[in-house]
Amino acid sequence: MEQKIKALLARIVHPESGRNIVESGMVEHIDAGEGRVTVTLRFEKARDPFAVKIKRQVEEAIARELSLDREHVAVIVREAAPKAAPAASQHTFTGGIGKVLAVASGKGGVGKSTVTANLALTLRNMGYRVGILDADIYGPSQPKMFGVEGYLPDAERIDGEDCILPADAMGIKLMSIGFFIKPSDALIWRDAMATNALRQMIHQTKWGGLDFLLVDLPPGTGGVHLAVISELKVTGAVIVSTPQQVAVADVRRGVEMFRADKIEIPVVGIIENMAWFTPKELPENRYYIFGRGGARAFAEQNDVPFLGDIPIVQSVMDGSEEGRPAAGTDPAVESLYRSIAEKVVENMAKTC
């Protein structure tokens, strides 16, 4: 039985090395018996970006060929201890990126990821080459937003260096930690583990030539934000908020983080999301469900450009659920975002 399993596993190739996992010595142990199979895989480097992909392939191959339920197949992943490499020797594929726009929020639940996706599509519609780095390590939403949850990145070797191929989602180059984990997996990471994974995505992704890279940051301020700032030359930041005071109070922290000494990243504007709701049957009415004008007032009082407000629109919610952001399908939504995108481009040209 072990030999049969080894023969199955010999069909699985590591994308970086090009060698099958048996030949390369990655299959450390096989235990088969009583309707259960356990396989231990050892990867040569810490946090190998293809570990989850290969783990899934092993589980699926064994379950399929041996007619076992997936819960009766266990794959244990062991990784080498991380090695610190001098920063100067790190290769990067970020050289073709023009401007990096950080999209942040003081707190969660304000629609930051939805705004990022629709803003990216609007910039694409304006003729720009656009990418998204989903840096929300603990809650990656962009694969769902663009309908590419099942994407498993492959690798390519360029000039002796391995790079990871991003998803092409509606003309947007997209990289997310969500591509390397199962949706059901809980990411219980220390800050160092999260930032190391993020650095790998930043530098090893084959971004190519981009006019804008939008970085969907986690809510709040913390280690992930500092890692992005230290690894990428962020040229400007946008803060997303909803109108109510409890959300606006946290906007100040985001603005102050980007304005802090030794960071000094221009805040190109604030967007007020979910500003009001207009029922289809009452097109002249506006209902300010989350308060009114809080983000706009904060921007005016703190010398921050106000980019615009976005109402609650059914097609925006539907587009996020269906994996097709509304700015790519609904002209009315695209028009709302185009006004904001034009101000972003204009403000970045002035201040960045």
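The values are calculated or read from the model by the stated rules, or taken from the named source; none is laboratory data. All values reported here derive from a predicted model rather than from experimental measurement. Cβ atoms come from the backbone with ideal geometry, glycine included; neighbour counts cover every protein chain shown. Calculation scope for accessible area: heavy atoms of the full protein, side chains included, ligands and nucleic acids excluded. Shrake-Rupley method; radii C 1.70, N 1.55, O 1.52, S 1.80 Å.
Quick rundown of the values:
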| quantity | calculated |
| --- | --- |
| Cross-link reach list, lysines versus Lys6, counting only Cα pairs under 26 Å and skipping chain neighbours closer than eight places | Lys45, Lys53, Lys55, Lys182 |
| Hits among aspartates and glutamates - C-alpha to C-alpha of Lys262 under 15 Å, sequence gap 8 or more where chains match | Glu231 |
| Of (1) 35; (2) 30; (3) 21, the label for percent of Cα pairs over 33 Å apart derived from the coordinates | (1) |
| Leu336 - accessible surface, heavy atoms, 1.4 Å probe, Å² rounded to 10 | 60 |
| Full-stretch length increase - Ile76, Asp168 - with 0.36 nm per residue and alpha-carbon distance subtracted | 30.0 nm |
| The chain - percent of accessible surface contributed by carbon and sulfur, probe 1.4 Å | 49 |
| Accessible surface, the range 1-80, averaged per residue in Å² (probe 1.4 Å) | 53 |
| Gln314 paired with Thr329, simple spin-label distance in nm, labels 7 Å along Cα-to-beta-carbon | 1.4 |
| Two-site label geometry, Phe277 and Ile181: point separation in nm, points 7 Å out along Cα→Cβ | 3.1 |
| Taking the C-alpha atoms of the range 147-284, convex hull volume expressed per residue in Å³ | 189 |
| Neighbour net charge for Ser141 - beta-carbon separation under 13 angstrom, K R +1, D E -1 | -3 |
| Whole-angstrom gap from the range 1-64 to the range 301-342, using each part's C-alpha centre | 44 |
| Amide H within-cut-off set for Ile310, under 5 Å, with H built and near neighbours excluded | Glu272, Asn273, Met274, Ala275 |
